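The values are calculated or read from the model by the stated rules, or taken from the named source; none is laboratory data. None of these values were measured; they are calculated from a predicted model. Heads up, the Cβs are rebuilt from the backbone with ideal geometry, glycines too, and the neighbour counts pull from every protein chain shown. Only protein heavy atoms, including side chains, enter the accessible area calculation; ligands, DNA and RNA are left aside. Shrake-Rupley method; radii C 1.70, N 1.55, O 1.52, S 1.80 Å.
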There are 2 protein chains.
Amino acid sequence: MKNQDHLSSFARRLRPNAIRRLSHLINRPGMITFAGGVPSPETFPTEEIAEIAFRLVRERGAEVLQYGVTRGNRNLIEQICGYMSGRSMKVLPEEMILTSGSQQGLDLVSRVLIEPGDLVLVELPSYIGGICALHNAGAELVGVQMAEDGLEPSSIQSQIESLAAGGRRVKALYTIPNFQNPSGITLSAKKRAALLELAARYDIFILEDDPYGELYFDSEQPSPAPIKSLDEEGRVVYFGSFSKVLAPGLRTAWIVADPEIATRIEMAKEAADLCSSMLDQAIVSECYRQNMLQGRIAQLRAFYSVRCRAMLDALEAHAPAGAHWTRPTGGLFVWLEAQAGIAATELLSRAVEQEGVAFVPGRPFFVDERKEDNTLRLAFSKETPERIATGIERLCTLLKK
Amino acid sequence: MKNQDHLSSFARRLRPNAIRRLSHLINRPGMITFAGGVPSPETFPTEEIAEIAFRLVRERGAEVLQYGVTRGNRNLIEQICGYMSGRSMKVLPEEMILTSGSQQGLDLVSRVLIEPGDLVLVELPSYIGGICALHNAGAELVGVQMAEDGLEPSSIQSQIESLAAGGRRVKALYTIPNFQNPSGITLSAKKRAALLELAARYDIFILEDDPYGELYFDSEQPSPAPIKSLDEEGRVVYFGSFSKVLAPGLRTAWIVADPEIATRIEMAKEAADLCSSMLDQAIVSECYRQNMLQGRIAQLRAFYSVRCRAMLDALEAHAPAGAHWTRPTGGLFVWLEAQAGIAATELLSRAVEQEGVAFVPGRPFFVDERKEDNTLRLAFSKETPERIATGIERLCTLLKK
């Protein structure tokens, strides 16, 4: 039987995630790696979570080992509503759905909102998982440039109008406004308001993906308030996650959407997995109850700040002429644009083989299928400051050759 | 903003799960409930799982709290391959994907195989979660009758041919061959072979959903070998699950499919949630390693066998003339066809209000939108034998009125 003849058009549309396909190269042991955009396992509160898991299963096994409601653990939903009001977002439980990581949120929301052929604006560059979810739902993705302070409302407006002149309406804009993956760029507060106005004028949804918002380095300068905090008409779908502030293996994240859309997302999730891991959700809720998260997040900010500083200092000291890079004020990533003519995809093999250094080539993060391949995503989350300095120096030596 | 105008056709197609919508009625405290098709929490090995969770997080936190590969925990995949070979299925790791419960498997497989408008044959009655996943992918569902020993290959053949005469080709058949949810019916070994032949002749996929296969009551008479065990050309997609033999809250299940289809399922899962709960998967793998599962399953068989017996005895003693019911040899469900004229949906409110007894009306399990509403699904998993006897007696009193 020829199975490829039996696949759905959805299955034919699927593309592998370009980063995960590089894992054989970038996951070698001993490597200095700037590749994986994952939190450092050193930051996981393993002792506390071990205790919590033990007690939850022992004392509430009939609940945490059983099926649960699709919307998610009710206590956790209320805890997150409380947390969000501290970030200037008034959210009701009926606007919230817990998901198995934000990736599930992106998939469900794409399925519920996107009709195949719909136009969706996406940052250049953008997060590959978000691109995949939108693409799989059949979206036609249109790239939009970013400045140092994020998307440019005026250039988005011209883009929307020129698409409209060709009879094409934009359905949604997908943005990661804080310490973006992969670029590290943050959208300024002023531009957030302008973007929302633009979205209202052209009747566009904003998909606001915010896994890094709490990871700002200067405790005096928190991330600007989310676009969602300005939204009064349910135009913004907000994605929050515990993956970067607690532990990604406990697949727990949330969506906030207009109640009517939330109801559809719930129905889609019901058929997608009935409910998320009950133990994971209960663990996260208990971490909240014990007030573990706030203190922990302050430590994380200091932890990643030092690593980012080490990377920026090393780039300052060793980067070749003609290279440019972002100076993130939070998150996990620096984005390096090397000199013209550099081919990052080829460079990766040499960096791995000759220098024992791994990174992710930037091209797969662009939806405009560009030829240029001179960008690199450098995650500073995994390595110690010392190894970051060594790795960047080696990488720069290679870039200079 | 009018959000309903912005929904995708997928979102408009979504239907709520009829059983989960009854939960306000059937989840009242104190009720004798035959409603929820869920394992009894008394059977959860909470002490053992609490210990396992504690040690896993403490000793392997960097792994179980981190992101993992989309295919799933490699040790667990190999353990399941070993288990399946004991059930006459030779399975290679590249044919397997771990999923967040079988519901995720049903959703992913439906998306990968079903093109909107494709015909899929579904048992009358069938599992609502399977029906929802297929429906959401756009399948047109065609009901097929079952006999006491399951689907009738000859009548399926006539159905396929009459559809073909109308220019319609059948893409797949969805079946739960062992102790079916909701009917309790088991497909005979002989018919399994005939069904597979039929599928080969008409080039149809078989989606074999097998969550209950291990829950046979007579240890001398295991369930017949799965259809998958006869499959030599990758025509059967097999769904296995730990929900009924260990604990459903640990959302861990698996799919076996032809390697090419498995690759597509993996790509779809990558964009659907990146990976399943790492802690849940590691817990299940550790239960395997400690040989907990086999001994436990023997206990479960005895446990549910006693409850099924209590329900069948009570029906024998009290059922009104004209009522018929199945005599399952395993699983969690008895299916009751009451006298003509009974309206089970109305009966439910009265049973709950007057008798404190809950069940699930059978009609939502049928894809043929029948008018008759005289069937009931009676789960014997949740209540003690004494309460089962009391509940059935009360229900039968009501049926006789």
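Odds and ends about this structure:
- Here chain A carries DSSP beta bridges of which approximately 50% are antiparallel, counting only pairs with both residues inside.
- Ligands, DNA and RNA excluded, the heavy atoms of residue A:329 present near 80 Å² of accessible surface to a 1.4 Å solvent probe.
- Sorting the segments A:361-371, B:179-189 by their residues' average number of neighbouring beta-carbon atoms within 10 angstrom, most packed first, yields B:179-189, A:361-371.
- Once C-alpha pairs closer than 8 Å and six or more residues apart are averaged by separation and normalised to the residue number of chain A, the relative contact order reads 24 percent.
- For segment A:1-139, averaging the sequence separation of C-alpha pairs within contact (under 8 Å, six or more residues apart) and dividing by the residue count gives a relative contact order of 28 percent.
- Among the residues of A:175-184, the average count of other protein chain beta-carbon atoms within 10 Å of the residue beta-carbon is 0.
- Largest-first principal axis extents, alpha carbons of segment A:90-212, Å: 38, 31, 28
- Shielding of peptide A:52-63 by partners, expressed as the average count of other chain Cβ atoms within 10 Å per residue Cβ, is 6.
- Using a Gaussian network model of chain A in which every pair of alpha carbons under 10 angstrom is joined by a spring, one finds that among A:147, A:314, A:298 the greatest mean-square fluctuation is at A:147.
- Solvent-accessible surface ranking, highest first, for A:67, A:238 at 1.4 angstrom: A:67, A:238
- Under 11 Å, Cβ to Cβ, from residue A:98 - net charge with Lys/Arg +1 and Asp/Glu -1: +2
- The convex hull of the Cα atoms of the protein assembly as shown, projected and averaged over all directions, covers 33.6 nm².
- Choice from B:136, B:27, B:178 with maximal GNM fluctuation in chain B (Cα, 10 Å cutoff): B:27
- Of A:318, B:324, B:6, the order by accessible heavy-atom surface (1.4 Å probe, DNA, RNA and ligands excluded), from most exposed downward, is B:324, A:318, B:6.
- Debye equation applied to the C-alpha atoms of segment A:20-108, log10 I(q)/I(0) at 0.15 Å⁻¹: -0.94
- The accessible area of residue A:297, taken with all protein chains in place and a 1.4 Å probe, comes to roughly 10 Å².
- Placing a label point 7 Å from the Cα of residue B:30 along the Cα-to-Cβ direction, the distances to the matching points in the other copies come to 7.0 nm, shortest first.
- Semi-axes of the equivalent ellipsoid for segment A:211-343, computed as √(5λ) from the eigenvalues of its C-alpha gyration tensor and ordered from largest down, come to 34, 20, 16 Å.
- C-alpha center-to-center spacing [segment B:41-86, segment A:182-247] in angstrom: 36 Å
- Kirkwood Rh, Cα atoms: Rg over Rh of segment A:324-401: 0.95
- Heavy-atom accessible area ranking, 1.4 Å probe, most first, across A:88, B:40: A:88, B:40
- Euclidean distance between Cα centres, segment B:282-327 to segment B:127-168, Å: 28 Å
- Using the Cβ of residue A:280 as centre and a radius below 10 Å, the other residues enclosed give a net charge of +1, where K and R count +1 and D and E count -1.
- The relative contact order of segment B:75-154, computed from alpha carbon pairs under 8 Å that lie at least 6 residues apart in sequence, is 24 percent.
- Exercise: per-residue mean of other protein chain Cβ atoms within 10 Å, B:114-126: 1
- Close amide H contacts of residue A:206 (hydrogens built in the peptide plane, cut-off under 5 Å, sequence separation of 5 or more or a different chain): A:173, A:236, A:237.
- Take the convex hull of the alpha carbons in chain A; its mean projected area over all directions comes to 21.4 nm².
- The HN-Hα couplings worked out from phi for segment B:259-269 by the Karplus form 6.51 cos²θ - 1.76 cosθ + 1.60 (θ = phi - 60°) are x, 5, 5, 4, 4, 5, 4, 4, 5, 5, 5 Hz, whole numbers, x standing for Gly and Pro.
- Exposure check, 1.4 Å probe, all protein chains in place: residue A:94 carries approximately 90 Å² of accessible surface.
- Segment B:290-348 pair-distance distribution - Cα-Cα, 5 Å bins, rounded %: 4, 15, 21, 18, 15, 11, 7, 5, 4, 1, 0
- Per-residue 3J(HN,Hα) values for segment A:281-286, derived from phi via the Karplus relation 6.51 cos²θ - 1.76 cosθ + 1.60 with θ = phi - 60°, read 4, 5, 4, 5, 4, 5 Hz in sequence order (x marks Gly and Pro).
- Once you divide the Cα radius of gyration of segment B:154-209 by 2.2 N^0.38 Å, the number left is 1.18.
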